[in-house]
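The values are calculated or read from the model by the stated rules, or taken from the named source; none is laboratory data. Note that the coordinates shown come from a computational prediction; the quantities given were computed from them, not determined experimentally. Counting neighbours? That spans all protein chains shown, and the Cβs are built from the backbone with ideal geometry, glycine included.
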Amino acid sequence: MTSAQKLAERPRTFGYDRAERRLAVRMVAPSLILMFLVAAVPIGYAVWLSLHQFSVRQAGLSRFVGLDNYLDALSSGAWWSAFGQTFTFAAASVSLELVLGTAMALLLNMTFRGRGLLRTLVLLPYAILTVVSAITWQTMFEPTLGLVTTVLRGLGLPGGDIVWLGESGYAMAVIVLADVWKTAPFVALLVLAGLQVIPDEVYEAAELDGSTKWTTFINITLPLLKPAIVLAAIFRTMDALRVFDLPFVLTRGANGTESMSMLAYTELRENRLVGEGSALSILTFLTVMAVSVIYIRFAGGNIRAAAQEKQ
Amino acid sequence: MKASMPAGRRRLAKSVVATLAVGVLLTGCGGTPANSPNSAAAAVDLKSAEGAKGDITICGGKDASGIHKNTTAAFHKANPTMNAKYVEIGSSTDQQRTQTVQRLEGKSTECDIFMMDVTWAPEFAAQNWLLDQTPVMEKIKDRLIPSTAQTALYDGKYWATPFYTNAGLIYSAKDKVAKPATWQQLYAEAAKAPGNRLVYQAQQYEGLTVNFLELLYSAGGEAVNDKGEVKIDSPETREVLQFMADGIKNGSADRAVMTYKEDETRLAYESGNFGYERNWPHVYRLLNKTKLAGKFDVSPLPSFNGKSAASGVLGGWNFAISAFSQNSGAALAYINFATTPEWQKHVAMDNSQAPVNEAAYSDPEVLKAMPFAPELLASVKGAKPRPQSPVYPQISQAIYKNVHAVLSGSATADEAAKKMAEDIKTAQDSF
C-alpha cells in the first residue's frame, strides 16, 4: 500500500470512536491469543531448544551452546547437500506442476460431456495420502516385478533395466514424478477457479478484434490467471521445500534425495539430538519463510494489483 | 517434533543443578561427560521376585507371530497370582522405538517391561531409563547362548535379558546353485547366470549395516572394539566393500538390492528369478508357502575366503525392565519364566523364533517344526553384536550411508573406509 493510499484512507478512520476501537481489539484478541499459542509458543520453544545441547550419554545433562548448533549445521556438508537437493526437487516439481496443472485446468474449463465426472476423477490423486501413493510408486518402480519396469522391458524400451530408486538422478526423477502426479490436480483446481472468474465479454471482444486462440491465451487468459498461478506456486513451493514423506518412503534419503526435513527428522528422532535437530528445523523454517517472503514481495504485488483492478 | 523433547522445565531446573555440581566437566564446554550411565541406576532386587503378585504390562511391537500372546497366557497359567498383559505400541521397529522413548521420557508407569531391539539398551541405560539386570543375568546366564547375552551388555553391566534371538541365513535354490561354504564361492556361483543372482538388503537403512557387518565380521574385521575404539578403517573393510561393490557390478548380486529391505528381498526371491537370498529365519515358513516350497536349502552365513571363522550379526529382542515399573518383582518372574529351557522350546516350536537356549535347538519337537535349527544355531553361535553404544543410531548411519555410497559407485572403498571411521568418531564425540 502506498503512502498516498494510506492518506486517502485516514479521514475514514477518524470516524471511529475509541470505544469502537477497543471493541475491535477485544474481538480480534481470541484469535490473536490462539495464533500465539499454536504458532509462536512452539516456535519459541524450538528456538530455545536449538540453543542447547542435551546429552545422549548421561541422564539429565544439558548445556547452553548459543548458536553452536546453527554454526555446526551451516558448516556441515550434510546441510548444504540437503539444501541443494531440496531446492532441486522444489524447482523441478513446482514448475512441472504449474505447467501441467494449468493445462489440466484449461481442458476442464471447456464444455464437454462428462466434464463433472472428469473434474472429480482428476482430483483423485490429491485425495490419496502421500505415504500411500509413495508406497504405490515404489512398487511400480520395483526392478524385477514393478509395473513400470516390466512394461518398459516388455516393449523393449530403455529404462526397463534401470534400478530407478537406486541411482542418483533417476531416484530424484521418480520422487518428482510422484509429487507431480499427486499435486498437479491441486494446481489445476486453483487455476480452474481463476479461469472461471474471467468474464466471457473479454473473450468475445478479443474474438471480434480477430485475435487467434494462441494470442488470446497469451494476452488475455495468462495475465488474468497470474494471481491464481502465483498463489498455487506459493503453496506448492512452501510444501515442496518441506518435503519429507516421499524421499523417506522411496529412498530413505539415499542417492541424492535427502531433504532438509529428513535431516532434521534423523537428528531429532533417530539420534535424539534435540538441540541439533531443533536447529535444523529452525533453519528449514527460516529457509521456507525467506522463499515465501521473496515470492510475496516480487509476485505478491501482482495479486494485489489484480485484485484492485477487479474492483 | 515437540513430543520427542526430553527436557521439560523441571528437568531443565534439575540439569542446571547437575551442571553446577559437575561444573568442572562443563566449564570447558569441550568437556565430555562420563561415558557411563549414572551410578544412580538401580539394580533389580532378586528377592522381589519371590512371592511377587499382581499385574504387569509388557510393551513391544506388533505380535505378528503370536509369541507374546502365548507367553503371557502360559505365564499366568504357571503363576496364577500374576497376570501379564502384552501391549502393542508400534507396527514398525521405528515406531516402536519412538513410542518407547516417549513413555520413558515421560516416566510413564504404563509398561513394566519393554521389548528392546538388541541395539537399544546402551542408549536407554545411559538415560537411567532401565533397571540394571546384572543380578538376574548372573543367575540365569548358563541358560543362554553366550553371544545372545552379550547383546545386553554395556559398560560392564547387563541392561536386559534376551528373549529370542535372530541371525542371518542363506537360502539357495536347490536346482540352480550349491550351498555356499564361503562368500567368494557364493558370489562366483551367483555370477554364472542371471537366475543365480544373490538378493540381500542394501537400501540405505539399518539392514545394510547388518548385511555389511556380517561380511566384515566374517573377514575378521570389526567396527568398534570392546574398549570403544574405532577399528573400521582397516584393510578388511576395504576388501569387503570392494567385494560387495564388484558383486553388484559383475552381476553376482542383483543391482536392485540397492532398493531392498527385508520384505522386498523376500518378495523378489519368491518370484523364482534368483539363486541366493540372505534373509532372516522367518522367511523359511513364508517361502514354503510359495511355488519354491521344498526346492531350497538353508545354510548358515558362510566364511569370508576361509580367512576367519564364519560370523554374522545378532538380531533378536531382549526384555528390559523400566526404571519406572511399579512391579519389577513380577517383571523379574516373567523374565525368568520366558527364558527357561522349557519355554524356549515353545518359542521355536509354536512361534518359529530362534531360542536363546542352546538345548532347544536339538529338541526333537523343535527340529520337526524348524528343520533348519542346526544351521540357525550355527549362525547364532558365530554371530556377534553390533557396536554397543548410546550413540548407536549415529554409528549405524555412519556405516550404512558410506557402504551405500560405495555400492552405488559414488565413493571408493578407500574413501568410504576413512569416512566411516571419521563419522563414527564424530558420533562418539556427541555430548
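For A:V163, the stated conditions do not hold, so it cannot be described as of a type in the set (V, I, T), within 14 Å of chain B (Cβ to nearest Cβ) and within 17 Å of the chain's Cα centre (by Cα).
Would you say A:L246 is out of contact with any Ser or Thr (no Cβ under 8 Å at 6 or more places or on another chain) and either facing another protein chain (nearest Cβ under 10 Å) or not acidic (D, E) (or both)? Taking the combined requirement at face value, the residue does not satisfy it.
Of the numbered criteria (1) farther than 30 Å from A:M110 by Cα; (2) of a type in the set (A, V, I, L, M); (3) assigned to a helix (DSSP H, G or I), the one A:L145 fails is (3). Under the condition of being assigned to a helix (DSSP H, G or I), farther than 18 Å from A:D239 by Cβ and among the hydrophobic types (A, V, I, L, M, F, W, C), the residues counted in the range A:175-200 number 3. Look at B:N336 and say whether it is out of contact with any Cys (no Cβ under 7 Å at 6 or more places or on another chain), polar (S, T, N, Q), assigned to a helix (DSSP H, G or I) and within 14 Å of chain A (Cβ to nearest Cβ). So B:N336 fails the test.
Summed over the range B:46-103, the residues that are of a type in the set (A, V, I, L, M, F, W, C) and either out of contact with any helix residue (DSSP H, G or I) (no Cβ under 9 Å at 6 or more places or on another chain) or loosely packed, with under 14 Cβ neighbours inside 10 Å (or both) give a count of 4. If you filter the range A:46-61 down to residues that are free of Cβ contacts under 8 Å to residues at least 24 places away in the same chain and at the interface with chain B (Cβ under 7 Å from one of its Cβ atoms), you find that the one that is surrounded by the fewest Cβ atoms within 10 Å (Cβ to Cβ) is A:G60.
The number of residues in the range A:262-284 being among the small types (G, A, S) and touching a residue at least 60 places away in the same chain (Cβ under 8 Å) comes to 4.
Looking across the range B:337-382 at every residue that is more than 21 Å from B:G66 (Cα to Cα) and small (G, A, S), the one that is surrounded by the fewest Cβ atoms within 10 Å (Cβ to Cβ) is identified as B:S362. Residues considered: B:V101, B:V118, B:V136. Of these, the only one that is touching a residue at least 60 places away in the same chain (Cβ under 8 Å) and within 14 Å of another protein chain (Cβ to nearest Cβ) is B:V101.
Would the range B:192-200 turn up any residue that is within 17 Å of the chain's Cα centre (by Cα) and of a type outside the set (F, W, Y)? Within the range B:192-200 (the criterion being within 17 Å of the chain's Cα centre (by Cα) and of a type outside the set (F, W, Y)), the answer is no, since none of the residues qualifies. Exactly one residue out of A:A78, A:A105 is more than 14 Å from A:W181 (Cα to Cα), within 14 Å of chain B (Cβ to nearest Cβ), in a helix (DSSP H, G or I) and of a type outside the set (K, R), and it is A:A78. Considering the conditions (1) in a helix (DSSP H, G or I); (2) within 14 Å of another protein chain (Cβ to nearest Cβ), B:G251 is excluded by exactly one of them, (1).
Inside the range A:103-116, can you point out the residues that are exposed (fewer than 10 other Cβ atoms within 10 Å of the Cβ) and either at pLDDT 90 or above or basic (K, R) (or both)?
Selection gives A:R113 alone.
Considering only the range A:223-231, I want to know if a residue exists there that is small (G, A, S), modelled with pLDDT under 95 and surrounded by fewer than 21 Cβ atoms within 10 Å (Cβ to Cβ). No, the range A:223-231 contains no residue that is small (G, A, S), modelled with pLDDT under 95 and surrounded by fewer than 21 Cβ atoms within 10 Å (Cβ to Cβ).
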